[in-house]
Amino acid sequence: MPMKVMDVRSPHNQGARVLLIICGETEAFKEELSVLSRCDRRKMTSKEELSQSRRHRGRSSSKQWSSQRRNKLSKHALLNANKKRRASPSYSLHQNGEQWSSSFAKKKDAFQVHPNGSRHKKEQTVVLIDEDESQSLIDEDESESLEITERVDKLAECMKDAKITYPSRDDPESIEICYVDINCLAPEGYLTSTIMNFYIRYIQLQASPTNRAMCDYHFFNTYFYKKLKEAVSYKGSDKDTYFAKFRRWWKGVNIFQKAYVLIPIHEDLHWSLVIICIPDKEDETGPIILHLDSLRLHSSRSIFENIKSFMKAEWTYLAPEVAPLDLPIADKIWKHLPRRIDDKIIAVPQQKNDSDCGLFVLLFMERFIEEAPERLKRKDLAMFGRQWFKPEEASGLRVKIRKILMLEFKKACDVNCDSESSPFPKGDDPANIDNRTDSD
């Protein structure tokens, strides 16, 4: 059926114009348009010149015309504004408290009225879309959303009992992680030892294998400090034997040859970090113990006492066997080491909630590895401070760690789930799909 687009003026408001989409031609409709056009050509000098009876006839004529054409025009109207994907508002004209509504849609008003009363016609595009096509587009959206949800559900089903060993079973410091361990990475979640130890191992492996400086670091896991406290507080007559068994935690490692020893502290549902710094032989100062706490919740004094007791016990064990020449520490410092151990509380960025302490400890480690010199001198302590990094950077590790783990579990899913039940097509990234689902 032929379609015409006509632009006419309102009989009640000389400045208002209405865009009509006319489908088919009838004599009655032509007459009404003719009446509207003739009314438009009459110039009214002021609103006072309109008689009450003329305004009444104009309103009656408009209502009659609107009633006659409503059913026919509605068949060709655009979709309502609440439809998804494509929508546009219907044009409305108000005069003396009454509303004229057209059911045809436009992307923008045909005219823009400026303060000086002038009108400029805008370029406009009228998009016609039938209801079948619109419903098809909506169905596609719903189908795609349902497909993503089903794929994530399949992933959860496939992995609910899954376990991975990072980086491999052959690694002597490997970490076993269950899929449910990822739950602690949800917003406001408190990081568990499993996730802490995973990322500590991850940042060790991410450092370049050719980076000699990494050989000068030693990382203890999150369970070490508890065993350390038990060892240094042991009062039995076989104390030396007890400490000898405790030394299995760092078997084959001389901690005094390392530049840095990193110890995560977990007490009272809070995480903090200790870094033991062994000076260079030319630097005639003793080792220094640094304590980094993003809430200042842990007792630094108690921690320093325990770490010093541990270092003194290890020095006592090694002194008869180790020649000072084999150590980076100056001879006179080594001979009197128990009295030359220093300590310092480090000012660091503070967390803004109660749940991010583990993330701050991990970022302390990561940043320290990136920025620390080969051997720390007292002047290098200026690298720390409240402005060392933004607290949001630590909080952002939740997303990063989760993505890394999702990729690791995808590898396990590819192996353990057959190709038909695998929730992801080949090459799909579960971390991205998981994020899309979380943001819906």
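The values are calculated or read from the model by the stated rules, or taken from the named source; none is laboratory data. Note that the structure is predicted; figures quoted are calculated from it, not measured. Every residue, glycine as well, gets a Cβ built from its backbone with ideal geometry; the counts of neighbours run over all protein chains shown. The protein model used for the area step is the full one, side chains on, heavy atoms only, and it has no ligands, DNA or RNA in it. Shrake-Rupley method; radii C 1.70, N 1.55, O 1.52, S 1.80 Å.
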| Subset of the range 352-405 (residues that are assigned to a loop (DSSP other than H, G, I, E, B) and among the hydroxyl-bearing types (Ser, Thr, Tyr)) | Ser355
| request: Would you please name the residue that is surrounded by the fewest Cβ atoms within 10 Å (Cβ to Cβ), looking only at residues in the range 355-375 that are touching a residue at least 24 places away in the same chain (Cβ under 8 Å) and not hydrophobic (A, V, I, L, M, F, W, C)? | output: Glu374
| said: Would you confirm, using the coordinates I've provided, whether Phe389 is at pLDDT 95 or above, touching a Lys or Arg at 6+ places or on another chain (Cβ under 9 Å) and at negative phi? | reply: yes
| task | Could you tell me whether the range 353-365 includes any residue that is of a type in the set (Gly, Ala, Ser) and at pLDDT 95 or above? | result | yes
| query | Does Glu230 satisfy the criteria of being charged (D, E, K, R), open to solvent by 10 Å² or more (accessible area, probe 1.4 Å) and at pLDDT below 90? | reply | no
| field | The one condition in (1) open to solvent by less than 10 Å² (accessible area, probe 1.4 Å); (2) within 25 Å of Gly358 (Cβ to Cβ) that Asn221 fails to fulfil | value | (1)
| remark: Note: among Asp438, Asp414, just one is open to solvent by 20 Å² or more (accessible area, probe 1.4 Å), over 18 Å from the mean Cα position of the chain (by Cα), at pLDDT below 95 and not small (Gly, Ala, Ser), namely Asp414
| query | So which of Asp216, Asp181 ends up being among the acidic types (Asp, Glu), under 22 Å from Ile329 (Cβ atoms) and surrounded by 14 or more Cβ atoms within 10 Å (Cβ to Cβ)? | reply | Asp216
| said: Filter the range 311-335 down to the residues that are modelled with pLDDT under 90 and among the acidic types (Asp, Glu) and list them by number. | reply: Glu321, Asp326, Asp331
